[in-house]
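The values are calculated or read from the model by the stated rules, or taken from the named source; none is laboratory data. From a predicted model like this one, the values you see are computed outputs, not experimental measurements. No Cβ is skipped: glycine too gets one built from the backbone with ideal geometry, and neighbour counts run over all protein chains shown. Note: areas computed on protein heavy atoms with side chains; ligands, DNA, RNA excluded. Shrake-Rupley method; radii C 1.70, N 1.55, O 1.52, S 1.80 Å.
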Amino acid sequence: MREETLRKIAEKIFQSRRTVVFVGAGLSTESGIPDFRSPGGLWTRFDPEEFTYQNFLASEKARERYWQFGREVYALIKAAQPNAAHLAIAEMERMGLLDCLITQNIDGLHFKAGNSPERVIEIHGTVMYVLCLSCGKRYERDEIEARLAAGEKVPRCDYCNGLLKPATVAFGQPMPERETMEAFRRAEAADLFICIGSSLVVHPAAQLPVVAKEKGAFLVIINRDPTPCDGMADIVFRGQAGPAMAEVINFIREMRT
Ligand code: NAD
């Protein structure tokens, strides 16, 4: 049954012309980065209510806490390596079988795995950069980390003195317009839409599989736990993303020979 389902997913990828892969935090748990909703995740130690965009804007104390939390997350992400699922998606790109990858992840592991920036749409931003909320100046994250390590608690823009914030989308922060529009455009045009490792409850991102399905895409969901979109999917695979995608890519390799 498992093998049959994964083979079917591989066939679909092999046959489709516009495959869009849409991923969430579950893709990176096997790389040691905890997701939000599973037991033992980041939010059993930090309170999500605290790290909203509104709180960040509201007080120096909240910004200090945000950066403390952010530094911990960044250290974890920097040390992480892509797993079999990231590598499989990168291989799909090399095989010419990936229209684009829409990621809710902020960890940049797709690039470590070999995906190219032109194929990756980061709809929730990235930890790899820091942005000035006033003038938009972009900093390398490591540059700001060095300032924090040297004792700064709440870094400010050296150009305009505006507030600096990691280039991730916080709770309550508007989504990046260009990336969001592009993600919806690609979802609408997809003939195959594959969700991997996402609870599909964070909106508007969770609307993407719905839009893709409504526009006629074949919908595949690969996730450890049930999602609200399972009922509308053409194939649901319940299990670990890494081993599943490794098998899928093996089937595709066989089909290509
Ligand atoms: P989520 O935490 O809501 O859901 C993760 C889902 O992945 C769960 O349904 C779980 O069953 C599944 N899962 C966990 N490990 C899995 C595995 N090994 N194989 C298959 N499925 C697995 O995550 P979400 O839907 O991405 O939404 C949460 C938000 O959290 C996103 O906006 C994202 O930006 C952010 N986030 C990102 C990271 C990261 O960059 N790695 C980490 C934590 C949170």
Whole-Hz Karplus couplings 3J(HN,Hα) for segment 107-118, θ = phi - 60° and coefficients 6.51, -1.76, 1.60, Gly and Pro as x, run 8, x, 5, 4, 6, 4, 7, x, 5, 9, x, 5
Any chance you could get the radius of gyration and Dmax over the Cα atoms of segment 1-101, in Å? 18.4, 55
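Return the subset of Lys112/Lys137; Lys165/Lys215; Lys61/Lys137 for which the Cα-Cα distance in this structure is over 27 Å, preserving the input order. Can you show the working numbers first?
Details: Lys112/Lys137 25 Å; Lys165/Lys215 37 Å; Lys61/Lys137 23 Å.
From the list (Lys112/Lys137; Lys165/Lys215; Lys61/Lys137), the Cα-Cα distance tops 27 Å for Lys165/Lys215.
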Running Debye on segment 157-257 with equal point scatterers at the Cα sites and no solvent, what base-10 log of I(q)/I(0) appears at q = 0.15, 0.24 Å⁻¹? -0.74, -1.28
Kindly rank 25-33, 212-220, 106-114 from highest to lowest mean number of other beta carbons found within 10 Å of each residue. 25-33, 106-114, 212-220
How big is the dipole moment of the chain about its Cα centre under a simple scheme where the beta carbon of each Lys and Arg is +1, that of each Asp and Glu is -1, and everything else is neutral? Debye, nearest 20, please. 160 debye
Which far-off residues, 5 or more places away or on another chain, put their amide H under 5 Å from the one on Thr168, with H placed in the peptide plane? Thr126
Isolated Cys residues of the chain, judged by Cβ distance under 4.7 Å to other cysteines: Cys100, Cys195, Cys229
What residue among Ala58, Gln173, Cys135 has its Cα farthest toward the positive end of the dipole of the chain, where the charges are +1 on Lys, Arg and -1 on Asp, Glu, each on the Cβ? Cys135
Report the charge-dipole magnitude of segment 56-95 in Debye, nearest 20, computed about the Cα centre from +1 at each Lys and Arg Cβ and -1 at each Asp and Glu Cβ. 180 debye
When the convex hull of the C-alpha atoms of the chain is computed, what volume per residue in Å³ does it have? 120 Å³
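What's the magnitude of the charge dipole for segment 39-151 around its Cα centre, counting Lys and Arg as +1 and Asp and Glu as -1 at the beta-carbon? Answer in Debye, nearest 20.
220 debye
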Expected vector for segment 6-21, Karplus 3J(HN,Hα) from phi with 6.51, -1.76, 1.60 and θ = phi - 60°, integer Hz, x for Gly and Pro, equals 5, 5, 5, 4, 4, 4, 4, 4, 5, 8, 7, 9, 10, 9, 10, 9
Selected from Met255, Ser199, Pro209, residue furthest toward positive end of dipole (segment 174-257; charges at beta carbon): Met255
Identify which of Ala150, Ala79, Ala62 has the largest mean-square fluctuation in a Gaussian network model of the chain, with springs joining Cα atoms closer than 10 Å. Ala150
Would you list the P(r) distribution for segment 54-171, with all Cα-Cα distances sorted into 10 Å bins from 0 and each bin expressed as a whole %? 13, 40, 28, 15, 3
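Rolling a 1.4 Å sphere over the protein heavy atoms, what is the accessible area per residue of the chain, to the nearest Å²?
47 Å²
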Within the chain, what whole-number % of the accessible surface is contributed by carbon and sulfur, with the 1.4 Å probe and all protein chains included in the calculation? 51 percent
Tell me, what is a quarter of the convex hull surface for the C-alpha atoms of segment 132-203, in nm² with one decimal? 7.0 nm²
In whole Hz and in residue order, list the ³J(HN,Hα) couplings for segment 82-99 that follow from phi through the Karplus curve 6.51 cos²θ - 1.76 cosθ + 1.60, θ = phi - 60°; x for Gly and Pro. x, 9, 4, 6, 4, 5, 5, 5, 5, 5, 4, 5, 4, 7, x, 10, 10, 6
